[in-house]
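What follows is a single structure, written as structure tokens, with notes after it.
The values are calculated or read from the model by the stated rules, or taken from the named source; none is laboratory data. Remember, it's a predicted structure, so these values are computed and weren't measured experimentally. Note that each Cβ is placed from the backbone with ideal geometry, even for glycine, and that neighbours are counted across all protein chains shown.
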Amino acid sequence: MGTGRGYDRGVPTPRYRCTACGNLTRFDVTSTRRTKAFHHYTVGGDLSVEEVEVLADEIEAVTCRWCGPAAKVEEISADAPA
């Protein structure tokens, strides 16, 4: 993407917790996203990607960065205490 804005709009952001070590902050998340975006090219050929809309977002795997794939990671509600 040319704008560097990423997929921060319209994508739910679940929180995770590792049940082995208690980690709440570092995870490797593997996902597949299908998006629709407006590609705007300048006359000089530079690309700016705007109006990114996420059509589908599937989380395939979540791995604890501290414990690795052997740990169990669970999704917690966004309003759960840290």
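For the subset of segment 33-60 comprising residues that are surrounded by 10 or more Cβ atoms within 10 Å (Cβ to Cβ) and of a type in the set (Asp, Glu), which member is nearest to GLU74 (Cα to Cα)?
Initially, segment 33-60 is screened for residues surrounded by 10 or more Cβ atoms within 10 Å (Cβ to Cβ), giving 33-35, 37-41, 47-54, 57, 59.
Filter again for of a type in the set (Asp, Glu), leaving 50-51, 53, 57.
On the way: GLU50: 33, GLU51: 32, GLU53: 27, ASP57: 18 Å.
The selected residue is ASP57.
State which residue pairs qualify: first residue touching a residue at least 12 places away in the same chain (Cβ under 8 Å) and inside segment 32-54, second residue exposed (fewer than 10 other Cβ atoms within 10 Å of the Cβ) in any location, beta carbons under 7 Å apart, and separation of 6 or more residues or different chains.
Qualifying pairs under 7 Å: THR32/GLU58; THR32/GLU60; ARG33/ALA56; ARG34/LEU55; ARG34/ALA56; THR35/LEU55; LYS36/LEU55; GLU53/LYS36.
Strands (runs of 3 or more DSSP E) wholly in segment 14-82 with at least 1 residues that are of a type in the set (Asp, Glu) - which ones?
27-41, 47-64, 73-76
Please work out which one of (1) at pLDDT below 90; (2) within 15 Å of the chain's Cα centre (by Cα); (3) not acidic (Asp, Glu) is the condition ARG26 fails and give its number.
(1)
Output the residues belonging to segment 45-82 that are among the small types (Gly, Ala, Ser) and modelled with pLDDT of 90 or more.
First, pick out the residues of segment 45-82 that are among the small types (Gly, Ala, Ser): 45, 48, 56, 61, 68, 70-71, 77-78, 80, 82.
Correct list: GLY45, SER48, ALA56, ALA61.
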